[in-house]
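Undergrad: The structure's right below; bear with me while I get my questions together.
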Amino acid sequence: MADAHDPEQVLSRIDTTVPHSARIWNHLLGGKDNYEVDRVAGDKVCEVFPGMVDIARQSRAFIGRTVRHLAGEAGIRQFLDIGTGLPTVDNTHEIAQRVAPESRIVYVDNDPLVLAHARALLTSTPEGKTAYIDADARDPDKILQEAAHTLDFTQPVGLMLMGILGLISDYDEARSIVNRLLDALPSGSYLGLNDGANTDPAYVEALRRHNERSGAVPYIARSPEQIAGYFDGLELLEPGVMSCPLWRPEATPWGKPREVAVFGGVGRKA
């Protein structure tokens, strides 16, 4: 966290000539923490696939439902949120601590702009705690080592991998990352995960064009079966792995839930 206290050092790491997934996502959700290059990249995706904004909104809503379930019905009091993205409303710690003020949350991301905004993620109830780790999802050992300063890995943890594994181009490597993280967590822990799915040809084409021309880290839409594969060995919560708006749907400002090309689920480690 030392860098978070040196804004000039953090900001010097930001490359404003190349779009970044966290900032593109921020733009799609109507945020202001992005650059022109991110807005252009996001708008080009939307030209080919106007449903991209709906995917962003539904993904965010899925995170909220997942955290509320884990902190509420499942009684989870620790969360490891990898691929945090830029702070918005109802971040993981806000939702969890609303249910259980003593909750502890560790955020992980590797975008220096997210690091620059880390203080917004480090607000906490007096009873709980939040921390931020500047790390890449490809380095699970570093993540686990640093997260252990805040989380007790002898007690159940809610592992959040929301929209991040599509940035790992090799599926076997993505599976390996999930397995390494879960191996470090005790029985009774949970995995909450979603990712872009290849169920909509327009979405797949929009991603193909984005990956070819943007210069950003490519994002890979995977099959629902591949996304379900991340949960191998876990007890899947009902209703399983499916399009995120259909997973335990709640009323939203965007009308009746309908399938979009982002799939996810929640699983428990026995």
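What follows draws every value from the coordinates through simple rules; no lab data is involved. The structure presented is a predicted model; accordingly, all values stated were derived computationally and were not measured. Because the Cβ atoms are built from the backbone with ideal geometry, glycine has one as well, and the counts that use them run over all protein chains shown.
Undergrad: Would you check if there is a residue in the stretch 175-193 being among the charged types (D, E, K, R), in contact (Cβ under 8 Å) with a residue 24 or more places away in the chain and touching a Lys or Arg at 6+ places or on another chain (Cβ under 8 Å)?
TA: Looking for residues that are among the charged types (D, E, K, R), in contact (Cβ under 8 Å) with a residue 24 or more places away in the chain and touching a Lys or Arg at 6+ places or on another chain (Cβ under 8 Å), one finds none in the stretch 175-193, hence no.
Undergrad: State the number of residues belonging to the stretch 206-252 that are small (Gly, Ala, Ser) and under 20 Å from residue 168 (Cα atoms).
TA: Qualifying residue count for the region: 8.
Undergrad: Next up: Quick check: is even one residue across the stretch 23-33 under 25 Å from residue 168 (Cβ atoms) and without any contact (Cβ under 8 Å) to a residue 24 or more places away in the chain?
TA: Scanning the stretch 23-33, I find at least one residue that is under 25 Å from residue 168 (Cβ atoms) and without any contact (Cβ under 8 Å) to a residue 24 or more places away in the chain, so the answer is yes.
Undergrad: So, one more: Filter the stretch 172-204 down to residues that are within 23 Å of residue 243 (Cβ to Cβ) and in contact with a helix residue (DSSP H, G or I) (Cβ under 6 Å, 6 or more places away or on another chain), then give me how many there are.
TA: Residues that pass the stated criteria total 8.
Undergrad: Which condition does residue 153 not pass, out of (1) of a type in the set (Phe, Trp, Tyr); (2) touching a residue at least 40 places away in the same chain (Cβ under 8 Å); (3) surrounded by fewer than 22 Cβ atoms within 10 Å (Cβ to Cβ), if it passes all the others?
TA: Going through (1) of a type in the set (Phe, Trp, Tyr); (2) touching a residue at least 40 places away in the same chain (Cβ under 8 Å); (3) surrounded by fewer than 22 Cβ atoms within 10 Å (Cβ to Cβ) one by one, residue 153 breaks only (2).
Undergrad: Right, next: Could you list, in sequence order, all residues of the stretch 100-146 that are small (Gly, Ala, Ser), in contact (Cβ under 8 Å) with a residue 40 or more places away in the chain and part of a helix (DSSP H, G or I)?
TA: Result: 116, 118.
Undergrad: List every residue pair whose Cβ atoms sit under 6 Å apart, with the two residues 6 or more apart in sequence or on different chains, where the first one lies in the stretch 257-270 and is of a type in the set (Asp, Glu) and the second, anywhere, is crowded, with 18+ Cβ neighbours inside 10 Å.
TA: Close Cβ pairs satisfying both conditions: 259/243.
Undergrad: Being in contact with a strand residue (DSSP E or B) (Cβ under 9 Å, 6 or more places away or on another chain) and over 17 Å from residue 81 (Cα atoms) is the filter here; which residues of the stretch 162-186 pass it?
TA: If the condition is that a residue be in contact with a strand residue (DSSP E or B) (Cβ under 9 Å, 6 or more places away or on another chain) and over 17 Å from residue 81 (Cα atoms), then 171 is the only one that fits.
Undergrad: Additional query: Consider residue 69 carefully, then state whether it is in a helix (DSSP H, G or I), touching a residue at least 60 places away in the same chain (Cβ under 8 Å) and closer than 16 Å to residue 157 by Cβ.
TA: Yes.
Undergrad: Shifting gears a bit: With 168, 220 as the choices, which residue is among the aliphatic types (A, V, I, L, M) and in contact with an Asp or Glu (Cβ under 9 Å, 6 or more places away or on another chain)?
TA: Result: 220 is the single residue among 168, 220 that is among the aliphatic types (A, V, I, L, M) and in contact with an Asp or Glu (Cβ under 9 Å, 6 or more places away or on another chain).
Undergrad: Is it the case, given these coordinates, that residue 203 is aromatic (Phe, Trp, Tyr) and closer than 30 Å to residue 77 by Cβ?
TA: So residue 203 fails the test.
Undergrad: Quick check, is residue 80 outside any loop (DSSP other than H, G, I, E, B) and either touching a Gly at 6+ places or on another chain (Cβ under 6 Å) or within 27 Å of residue 38 (Cα to Cα) (or both)?
TA: It is true that residue 80 is outside any loop (DSSP other than H, G, I, E, B) and either touching a Gly at 6+ places or on another chain (Cβ under 6 Å) or within 27 Å of residue 38 (Cα to Cα) (or both).
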